[in-house]
Structures are given as C-alpha cells and as structure tokens.
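**Q** The structure is given below, and queries will be raised subsequently.
The values are calculated or read from the model by the stated rules, or taken from the named source; none is laboratory data. Keep in mind it's a predicted model, so treat the numbers as computed, not measured. Here the Cβ positions follow ideal geometry from the backbone for every residue, glycine too, while neighbour counts run over all protein chains shown. Note: areas computed on protein heavy atoms with side chains; ligands, DNA, RNA excluded. Shrake-Rupley method; radii C 1.70, N 1.55, O 1.52, S 1.80 Å.
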Amino acid sequence: MLAYIVRRVFYAIPILIGVNIITFALFFVVNTPDDMARVHLGVKRVTPEAIENWKQQHGYDKPLFVNGEAGGVDTFTDTIFFQNSVKLFVFEFGNSDEGRNIGYDISKRMWPSLAIALPNLIIGLFFYITIALLVAFFRASYIDYIGVISAVVLMSVSGLFYIIGGQFLLGKLLHIAPISGYDEGFEAAKFLVLPVIIGVIGGIGSGVRWYRTIFVEEMEKDYVRTARAKGVPETITLFKHVLKNGMIPILTGVVVVLPSLFMGSLITESFFGIPGLGSYTIDAIQSQDFAIVRSMVFLGSVLYILGLVLTDISYTLVDPRIRLN
Amino acid sequence: MSGEREFVTLFNSLRQVGVVGLSLVVTVLTACGEQPWNSPYPDSELGQNILYSSFEARPKHLDPIRSYSSNEYAFIGQIYEPPLQYHYLKRPYELVPLTATQVPEPEIFDKNGKRLAKNTPANQVHRSVYTIEIQKGIQYQPHPAFARDEQGNPRYLGLAEEQIKQYHTLSEFIQTGSRELTADDYVYQMKRLAHPALHSPIYGVMAAYFVGLDDYAKRLKTEYEELKKRGELFLDLRKYDLPAVKVLDRYRYQITIEGSYPQLVYWLSMPFFAPMPVEADQFYSQKGMKDNNITLDWYPVGTGAYMLTVNNPNRQMIMVKNPNYRGDRYPTEGERGDRELGLLADAGKPMPFIDKVVYSLEKETIPYWNKFLQGYYDTSGISSESFDQAIQVSGQGEVGLSEQMKEKGIRLSTSVATSTFYLGFNMIDPVIGGLSERARKLRQSLSIAIDYEEYISIFMNGRGIPAQGPLPPGIFGYVEGEKGINPVVYDWEDGRAKRKPITAAQKLLAEAGYPNGVDSKSGKPLVLNLDIAGGGPDDKARFNWFRKQFDKLNIQLVVRNTQYNRFQEKMLKGSAQIYIWGWNADYPDPENFLFLLYGPNQKVDKNGENASNYKNKKFDALFERMKNMPNGVDRQAIIDQMVNIAREDAPWIWGVNPKNYGLYHDWFLNAKPNLMSHNTMQYKRINGPLREQKRNEWNQPVLLPVLLIFVFMIIIIVPAIMSYKKREQLSPAKVHS
C-alpha cells in the first residue's frame, strides 16, 4: 500500500502543476496586472504612476511566463508565474496582494468552516441513513412512496430557501436560536444550532434518496434472499446484513469529502456570518487578489487528490476483496 | 415476536438519541443565561454600554495614508485625529478645530517672497503657507510601540525575528505606553504621502500643490530600493526633509503649497492628515511583523475617542473607549430644530458616551434586518427587500414609517447624500460627443427623454431626487426652487419642476438632424451604445428600462455589458459612448464636483476624473477662477454661470442625488446624519436598560410549534408501526414463530 501511496503522490505533482498553469492562465486572461493595481488602489484618483509603482512593489511588473530580457535560467524564473508558483509546492502561500499572510488566514478560517461541516456531516449521515433504512424497510408501501416523493420534493427546493426559511422560522418567529453570528470556543455552539439544523434538513431529500437506492439495491442481492429463506427476521436482515454491506459505498463516499470539509460553504457562511473559508476564494476573485486565488485553488486541488487517495485506501479497509497494487 | 421486539428496540434507541439530541440543543440554548435564546451576544455583555453595528466586507486599509473609502473611515475616523473636523450638528457643514487650536488661515506670498493681502487674486499668489497649532496635552491610546523598559528604552523595538514569531495579534504584546501628540507626528504622516510602498491615493493631488513632493517621492523610492537590498524595512522619513512641511516647535507645524488651494483645509479634516507617531512605524516595520499580519494597516494607533482592540474582520471588529482620550465636549449649538429633536440634550457633556462598539460581519441584508427588528442592532439602513416592511408612502407622496416600525418605537431619518449618479456622454465620441449644435441638441433631447423621476420610483423606491446639475444639495452653489431647475429639461409649473414633454425632446432631436430617430444624412436609424460594467441578471430590468427611454425617440440603445476591467479600459481609451458613473463628495465644496467637468482633468490621456472628457474653454476659465474663491455672492455668480454652461452642453444627463434613509431604535440617541464627519461615534448615546427591556420583550422563545412538530412526527410514525406489525403477522418468520 505504501508504494501505491507514494506513486499517487508523484502522480499528483504534474496534476498540481497543470492546475496551477490553468489557474494562472485563466486569471491573467481576465485580469491584467494593471487591472489588479487599479482594483487594489481604489476607484478614485488613481494615477498611472501609482499603478506602475504598485506593480513593481508586488512583482507584477515582470513578464507572465517568459522573460526574454533576463537570459539564462532567469528567462523562466524571473517571471510572475514562476515567482508565484514554486513556493506553493512546499505549502508556503506567502502574502496576499493586500499584504496579509495567507497561511495564517487559512489556518484561522478553516476551523469555523469545519465546525459547521463536521456536525452537519455526522448528524446528517445519522438521520439520512436512519430514514433511508426505514423507507427501505417499508419499501413498496405507502411509507416508501411518500418517503420517495417527499425526498424528490425536498431535493427540488433551493438551498437558499432552507436558509432564509429556517432563519425566519427558528430565529425570527420562534426565537430559539441566533439568526446569524459566530463566537469562539464553546460559545460557538449556540450559533451552530441553526446552520446545522438547516443544513441537515436541506440535505434530507438527496441523502435519503441516495441511501435508499443503495439499501434497496443491496436488499435485492442473493445473500438477502438466502437470509429471508432461512427465516431470518426482516429487521435482522436489514439492520445487520444490509446495513453493513450498504455502508461500503456510503463510507467511501464520505471519505472522499472529508478533506474538503475545511473549505466551507459560501452561501451558508455568508448568511450565518460564519468566518470560514467559504467566502475566502470568492472575495479574492472579486478583489482580484491573485495570491489568494492561486493558493486556494492549489489547496483545493491537493485536498481533492487527498480525498481520492483516502477513498482508495478506505476501499481496501472495508472490502477485503479489494487490494491496492 | 422477535421482529417486533427488535423493531421496538430500534425505535426506542432512536427515541433515546432524539431525546439526547434535543436535550443537547436545549442545554446549549439555555446556556445563554439571562439573555434571550436568540441573542447573538455573550452574557458578559449584558447591561454594558455597548453599541452594536455591523460591516459587510472587511475594510481593505486601516492605515490613514492609504484608506479612502467610507467603510474604512467608519473605523479609522474614530481612532485617528486630523487637525480639523466638521461640526457635528451645524448645517451647512462647518469646519471646526479637532486637535488644532483653530482653523488655519493661509499666509500668501508672491514670487519674491513678499507677503500679499488676503484678497489678492489667486493667479498672483506664488505660495500659500498654513501654520497649524495643535492643542497641548493630547495623549495617544495605550500601544506597545510606546512601551518602555526600566532603562527608558523602547520595550518592543529591535526584537529578533524569532521573538516576533511568537506574536500573532497586537494584544499579545502585554506592555503598553503612551505619549503626548506633537507636531512632528503630523509632519511625519505628510511625508508618508510619498512613501513608495504605501501608494497613497491622494499623492497625485497633493503632488500638484505640496512644494517639492514629487522630488521627495523620487528620492524616497531610490532610498527604499537601497533599503530593501540591505534587507531592511523601516524607511526613517525623519532623515529626509520635505520642503512643503516643517515643524516649527513641539505644537506648531507649517504646510507650504504652490499657489493657492483653499480646499486644503477640507483635506486637513481627513485621515490622510492625521498624526502618525514614528514609534508606531518603527514598531510595525520590524522583520517578521508583516508575516504575522501585525501591520499598521491592520492595527491603527491614534489619539481619538476609540481604539481598535479586536480586528478579526472575518467575524468581528471591536473598538473600546480610549482611556487616554481628553474628553471633548458635546456641541452646545446646532442648527434650528436640533434642540426640539433632543439633539442638544447632552450639550457640554464630555464624550464619548458609549464604552464599546462591536461590529459584526453581516454579508447578507436579510439576517441583518431581522436582527435589527429583534433589537440586536441599534441602527439600520433600508434595503430594497425590507423597504415595504419599513416604509409607507402616503397618497400625497409623503414618506413615513410603517405601523410595525412605529409600534417598535423605531425612528426614521432621511437626508440627501452629497453624491451624484449620472449618465455620462463621452464627449470625444463622433456621434454623441463634441460641442457642435447637432451633438448638443441630441444630448439635450436624450436628457428630456430619460425620465429619472420614473427611474427613482421604480428602481430606488423613491429614495432620491432628480439632479438639476452637477452639484448635489448641501454643497455651496446648489440652488433650490425655481431658480435652481435645469431649464433644458424642466419647466416650473404649479410650484414644482416638471419634465418637458417628449414632444420637446423629439423637436430637439429633429433639429439635431435625427428626425424620428433617423439620421437625415445617412438615412439610417440612430443606434447608441450604453457601456456598463458587470451588470448581472438583476440589472436586466434596468437595462430594459433604459432601452424603453431611448425608444421614446425611436433611438435604438445597445447595452454593451462588459467586465469591470474592460470597462475601465474603454473609459481610459475613450471608446465608451454612454456610461453610468457616480461621485461621492470628498468635502463640501463645489470644486469637488465641478472639477469632474474641468477639461485638463479629462480621463483620456490625463487619467483624470472628468470621465466624459468634457472640454469647454469658458467653463474651464470660470472653474480656474471659482476654485480659489471663498464662498460668497461672487463665487455663487460664477458657479451659476458654470452650471448653466454645463446644462446647455449636457455632457451628462444629471441623473440622481440619492437619499439616505436610516432607522434608529428609540434607545439610540443623538443620531443626526452627517455625511462629512468621520468621528461621529463619540456623539452617540445608548439607553441600555430600555434596550434590554425591549429585547427581552421581543424575543421570548416560542416553543409550542416545536412541540407540535414532535407530536406530529410521533403521529406519523404510529401507522408505520401498525403497518410493520401487520406485515410481521403475514411474514414467514411470524408463521414459524
């Protein structure tokens, strides 16, 4: 397995370089260094000298990919691309174009994102699996039909509706939780109640539908038929055998998203005033802060690759038939 | 039977989990103590004299030499103290001393250094000298930059990079100190205008007036490059003299400018001219500070009524009363009606009245509005989503609060902003631009056709007034009533301005050579382009409305929606045709608006703020005379001429002067909109007990619906159990058992 992991790490390097090149190219197709300077210097009274000065101070006065004037190795190293990209590979994110330390900001902002995402995931899984099992247990009955139709209806409702409706109902009308806000330590708990409840309810539709499909598919397998034929009670069949086998796709599906839980959710964090990473990239794109954009895209790519590797590993752990080689 | 038992066991387990979960939620919520469950504030803040406000996006800069936007001034305006300020209550806006002993009057000199009389024409003035004297005994807020060890040396200066790595916020520097404000600090700050790493947005403006600033900037740039090569960060500006500024003694300093520039006193009320202690610059310039985000741009240091103690703009920013603040007194006089409104109830009392101000991040307007209604924010603006809930407009068009707001005791305050939003024509465009009769009449015709009264009603909920010229209300030179209307677009009828009929616009269009929207020369229909930046799907209705307005004249309008960067490029190159733009006053002087139409200030080639590239020799000559004149009858006469020229040439369709609507809870006192002042927080007062009482009254938890939901869930599970039992009875397992 170690050899497999090492190989996957090496495979990741060209992928990350590719992502970096694409991000760089896309960003600078839309924004020139002059545009970036103008946005950072403000709308009023920006002089051409100030723009030149800003570019020089931030290293954006160099050519993008190839520095023809430099000669030698500097032809490629004394460029915006090289200067901005190399340190990423040792996770040195440097400073944002506004001068803030990006690594520090990420380390501060990822915890609130996680504080929402983790309970959301765990509580959500518990509820979705429970309801899906119940619906599967009563399959082909009116409970199953109502369950599936309700799931489809709930899936069709916009996430924004859950947030605004939840804030209105639980925060504004019933006064049982703060509408928005955040605090540190245990004080954060009361601010998590509303987003977590809303997040869990918002995901019921898709979660139940997906897990029900897994369980129903599992229930049609031969070993289930055998168990029933042997007279094993339906509940034992369902909760012992079907649940255990059905957990394989569920578990691997969960593992793949684990690393990216840190990255947060833009809409949830915006509406609940959670100081997470969700809005960090979007804010950076709006303010044309390339330093943050490249760092976040790089980090997102690394976490995605990590998620895939973890999924592969988790397969071998939960299903003895699978071996990594 | 075993199946049923197992199912019941499972059900019981689920119920237990549910009970535990519910208990957890209730525990968390009841842990809120004496405050209502939905209070977003900790119990420790209960009963404290705290104002609660919010911010939508994190301020970009808190360094006064860089900061230039209102959301940044909301913070640094309370911390940094320039020498002058605007009177909080009086209107029109009046400059009064802040840290200065008086508002400075310039001494003026000719080329030979001979002092000239006060009323000498501006073109004969070679230099103006402002001498500013500051009050004695003003102290800085406690700050680690001033901390001293037993030997009297700076406690936190000369720290090794390794030591600095241990600090992540300013509050981790335990020891603090203070010192008296001196004239050196003001001079040091003005030298920072030219610092190559700071990019002060007003450097360009000041370089035109400050004697030697350009050369000074070049010198600093060279020195800074050398410094960087040596791996150092602190550029000690005390070593380099700037001819424009001079320290006379501990409490007096002098500013020398080229020619005459009466608007300088307005700039002296802005944070750009606030004092900067060299100790702070030295402290923050130590190696490693920036890597840990400890910078002057993040942690301000000033002499104002408040100091920033928490700066986490991803969540909260907190200002507390500066313990070293001298306690300026609340004004004893205001404008007529202020006393009746209770705005002079605190006259003569030492300020500030509020101990702490908590700003929380609120990116969305809906949660903010709901929290305002629950009493968790003390003030609010009115977004378009909440307008109908907050405001009702009577049949006579009078604006008032809705019944719901009145019941809560909320007060409404309205004021016309000193800003203008206009539709500009590119005056170098071959079709729409230029001063020819043809182009002028075309622009005038469009000025009549585009019905801004309708625009304000549809898109701004009536929150604005149609602009009559480049000057908004509240700025010297603005004329109200019949004399103030734009005769090109309006007639005065029944005591009010009435837009000319569309037939007048059609007539002008025909005279311009486009009868019924068709170019009489080419025979082709007239097509014009509106260049817009970043319009999203929400703007579609607005664009359609503009198309409809042009349609009235049978002119086809093409909306060229582009990205902001490309739009800026078009404006700089002069390739836009019609555009939408706005300007917010820096200071209450007509020069700050009329310069937007001053020829040498054009956008193309000069990169100035005259986005229309308007150039009229007569207008420019009048501007040069007007800008240096004191307010008075003569200046008004020149402004009237300029406004009339501009109205006739119509380089802009004058658009809208927006109205600001503010809502205040009845416990929020001394609130009067002041669009020029930045240090307004110290005047505000909170009636804390009333706020606590109302919050408790409005936010009692309503649990009945929650219980009903649980009962409902149990009810729907019962048929499931029955159905299961029925099935078990039919199952083979049941048969076997």
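**Q** Got a sec to turn the phi values of region B:644-655 into Karplus ³J(HN,Hα) couplings, 6.51 cos²θ - 1.76 cosθ + 1.60 with θ = phi - 60°, whole Hz, x for Gly and Pro?
**A** Once rounded to whole Hz, the list reads 5, 4, 5, 4, 5, 6, 6, x, 10, 8, 5, x.
**Q** Please report the base-10 log of the normalised intensity I(q)/I(0) for chain B, using a Debye sum with one equal scatterer per alpha carbon and no solvent, at each q in 0.07, 0.08, 0.11, 0.12 (1/Å).
**A** -0.63, -0.80, -1.32, -1.48
**Q** Taking the Cα centre of chain B as origin and charging only Cβ (+1 Lys, Arg; -1 Asp, Glu), how large is the dipole, in debye to the nearest 20?
**A** In debye, rounded to 20, chain B gives about 1180.
**Q** Now, a different point. Peptide A:181-193: average number of partner chain Cβ atoms within 10 Å per residue?
**A** 5
**Q** B:HIS168: net charge of surrounding residues, Cβ under 15 Å, Lys/Arg +1, Asp/Glu -1, itself excluded?
**A** For residues surrounding B:HIS168, the net value is -1.
**Q** Once the dipole of the protein assembly as shown is set up with Lys and Arg at +1 and Asp and Glu at -1 on Cβ about the Cα centre, which of B:ALA74, B:TYR86, A:LEU258 lies farthest towards its positive end?
**A** A:LEU258
**Q** Could you pull out every residue, at least 5 positions away or on a different chain, whose amide H is within less than 5 Å of the one on B:LEU248? Hs are placed 1.01 Å off N in the peptide plane, and Pro or chain starts have none.
**A** Those lying under 5 Å, H to H, from B:LEU248 are B:TYR253, B:GLN254.
**Q** By a straight-distance test (C-alpha under 29 Å), which lysines pair with A:LYS230 as possible cross-link partners, with residues fewer than eight away in the same chain excluded?
**A** Within reach: A:LYS221, A:LYS240, A:LYS244, B:LYS725, B:LYS726, B:LYS734.
**Q** So what are the ³J(HN,Hα) numbers for region B:338-346, from phi and the Karplus equation (6.51, -1.76, 1.60; θ = phi - 60°), rounded to whole Hz, Gly and Pro as x?
**A** Each residue of region B:338-346 in turn: 5, 5, 5, 7, x, 7, 10, 5, 9 Hz.
**Q** Give me the accessible area of A:GLU220, 1.4 Å probe, in Å² rounded to the nearest 10.
**A** Taking all protein chains as shown, A:GLU220 has close to 120 Å².
**Q** Any chance you could check region A:251-284 for residues losing 30 Å² or more of accessible area when the partner protein chains are in, compared with the chain on its own (1.4 Å probe)?
**A** Residues meeting the cut-off: A:SER270, A:PHE271, A:GLY273, A:PRO275.
**Q** Could I ask something else about it? On alpha carbon coordinates alone, what is the Rg over Rh value for the protein assembly as shown, Rh being the Kirkwood radius?
**A** With Rh from the inverse mean 1/r over Cα pairs, Rg/Rh is 1.01.
**Q** Taking the Cα centre as origin and putting +1 on Lys and Arg beta-carbons and -1 on Asp and Glu beta-carbons, what dipole magnitude results for the protein assembly as shown, to the nearest 20 debye?
**A** The dipole magnitude comes to about 1660 debye.
**Q** Separate question: Give me the summed buried accessible area for the A-B pair, 1.4 Å probe, to the nearest 100 Å².
**A** 6400 Å²
**Q** Also, I was wondering about something else. If amide hydrogens are placed 1.01 Å from N in the peptide plane, which non-local residues have theirs closer than 5 Å to the one on B:VAL416?
**A** B:ASN660
**Q** Would you compute, from DSSP H runs of 4+ residues alone, the mean residue ellipticity of the protein assembly as shown at 222 nm, taking -39500 (n - 2.57) per run and dividing by the full residue count, rounded to the nearest 500?
**A** -13000 deg cm²/dmol
**Q** Largest first, how would B:TRP581, A:TRP54 line up by accessible area (1.4 Å probe)?
**A** B:TRP581, A:TRP54
**Q** Could you give me the ³J(HN,Hα) list for region A:283-300, computed from phi with Karplus coefficients 6.51, -1.76, 1.60 and θ = phi - 60°, whole Hz, x at Gly and Pro?
**A** 4, 5, 5, 5, 8, 6, 9, 5, 4, 6, 4, 5, 5, 6, 5, 4, 4, x
**Q** Rounded to whole Å, give me the distance from the Cα center of region A:30-93 to that of region B:612-690.
**A** 39 Å
**Q** Now, a different point. Given the options A:PHE10, A:TYR104, A:PHE81, identify the residue whose Cα lies farthest towards the positive end of the charge dipole of chain A (+1 on Cβ of Lys, Arg; -1 on Cβ of Asp, Glu).
**A** Positive-end residue among those listed: A:PHE10.
**Q** Please identify the trypsin sites (Lys or Arg not before Pro) of region B:112-169 that satisfy two criteria: DSSP loop assignment and at most 10 other Cβ atoms within 10 Å. Which are they?
**A** Sites meeting the loop and neighbour criteria: B:LYS114, B:LYS118.
**Q** Here is a further query. To the nearest 20 debye, what charge dipole does region B:80-283 have about its Cα centre, counting +1 at the Cβ of each Lys and Arg and -1 at the Cβ of each Asp and Glu?
**A** 580 debye
**Q** Still on this structure, I have one more. Based on the Cβ-Cβ distance from B:GLU34 to B:THR414, what FRET efficiency comes out when R0 is 35 Å, to the nearest 0.05?
**A** 0.45
**Q** If you don't mind, another one. Keeping every protein chain in place, order B:ASP110, B:ASP551 by accessible area at 1.4 Å, biggest value first, i.e. largest first.
**A** B:ASP551, B:ASP110
**Q** Now, a different point. If amide hydrogens are placed 1.01 Å from N in the peptide plane, which non-local residues have theirs closer than 5 Å to the one on B:GLY302?
**A** The answer is B:GLN141.
**Q** Using a cut-off of 11 Å between beta-carbons, work out the net charge of the residues near B:SER67 (Lys and Arg +1, Asp and Glu -1, B:SER67 not included).
**A** Summing Lys/Arg as +1 and Asp/Glu as -1 gives -1.
**Q** With labels modelled as points extended 7 Å from the Cα through the Cβ direction, what inter-label distance (nm, one decimal) is found for B:ASN660 paired with B:SER522?
**A** Here the answer is 4.6 nm between the modelled labels.
**Q** While we're here: What does the charge count around B:VAL245 come to, taking other residues whose C-beta lies under 15 Å from its C-beta (Lys +1, Arg +1, Asp -1, Glu -1)?
**A** Charge balance in the 15 Å sphere: 0.
**Q** OK, next. Please report the carbon-and-sulfur percent of the accessible area for region A:173-325; probe 1.4 Å, protein heavy atoms only, DNA, RNA and ligands left out.
**A** Summing carbon and sulfur atoms, their accessible area is 65 percent of the total for region A:173-325.
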